Amino acid sequence: MVPKAALVIVAIFSWLATAVITFTVLTYGPITDQDTEQGSVMLVAAEDADAASPAEPLPRFGAVPVFAFTNQHNQPLGLNDLRGKVWVVNTIFTRCNAICPTMTGGMKQIQTSLSNQPETVDDVRLVSISIDGEHDTPEVLSAYAQAFSADPERWQFLTGEQTDVWPFVQDGLKLPVEPGKPGDAMDILHSGKL
């Protein structure tokens, strides 16, 4: 079996005063047989647009574990559905009034940019994973997706049980998520990276 070229992009991005996200996907490569056994999708870093030479290979952080969550249409969606695609992932929760709306707006800008590149329609997916599954039901995520004019063919909003989602985010995507402390502005603290 020939493994497909696929990965998750974690973008290190620059926020400008207008909340524009700049990032550059420099490269991605085939997954080895060993990678396929571990989950078949590699987690790599995309470099900031102002970063070092694109001739240097991107670091690989490990394999993304197999997962299956529920999307905004109350349909299961998991690793097998995203195989062979490049995905841009963020973690959000719809009750967040801090960074989540800005991050989701950034994902919308990426969607707009990709819509001007029709050759990417089959290859690139946007994935927003809710870290507040108790509140963010498929119905809530569907309304949130509509508020940001998310293209349901390209942009998936996923939810699941906290006991499944948080370990996936922490161990699989290598991004922090934890409960807020009393007095914190947010109930859930999480990464602002894509």
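Scan the stretch 171-188 residue by residue and report those that are surrounded by 15 or more Cβ atoms within 10 Å (Cβ to Cβ) and within 26 Å of Val66 (Cβ to Cβ).
Gly172, Leu173, Lys174, Leu175, Val177, Ile188
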Count - residues of the stretch 145-165 that are closer than 19 Å to Pro76 by Cβ and surrounded by 12 or more Cβ atoms within 10 Å (Cβ to Cβ): 13
Residues satisfying the stated conditions in the stretch 80-119, i.e. farther than 28 Å from Asp187 by Cβ and in contact with a Phe, Trp or Tyr (Cβ under 9 Å, 6 or more places away or on another chain): Val86
Total residues in the stretch 66-103, condition over 15 Å from Asp132 (Cα atoms) and either open to solvent by less than 70 Å² (accessible area, probe 1.4 Å) or charged (D, E, K, R) (or both): 15
Pairs, first without any contact (Cβ under 8 Å) to a residue 12 or more places away in the chain and within 29 Å of Leu141 (Cα to Cα) in the stretch 56-76, second hydroxyl-bearing (Ser, Thr, Tyr) and part of a strand (DSSP E or B), C-beta under 7 Å, six or more apart: Pro76/Thr70
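Every residue in the stretch 110-144 that is among the hydrophobic types (A, V, I, L, M, F, W, C) and either surrounded by 15 or more Cβ atoms within 10 Å (Cβ to Cβ) or in a loop (DSSP other than H, G, I, E, B) (or both), please. Even if it seems obvious, please write down each step before you answer.
Going through the stretch 110-144, the residues among the hydrophobic types (A, V, I, L, M, F, W, C) turn out to be 110, 114, 121, 124, 126-127, 129, 131, 140-141, 143.
Scanning the stretch 110-144 gives Ile110, Leu114, Val121, Val124, Leu126, Val127, Ile129, Ile131, Val140, Leu141.
The values are calculated or read from the model by the stated rules, or taken from the named source; none is laboratory data. Only a predicted model underlies this, so the values are computations on that prediction, with no experimental measurement involved. Methodologically, a virtual Cβ is constructed for each residue, glycine included, from the backbone with ideal geometry; neighbour enumeration extends over all protein chains shown. Accessible surface is based on the protein model in full, side chains and every heavy atom, while ligands, DNA and RNA are left aside. Shrake-Rupley method; radii C 1.70, N 1.55, O 1.52, S 1.80 Å.
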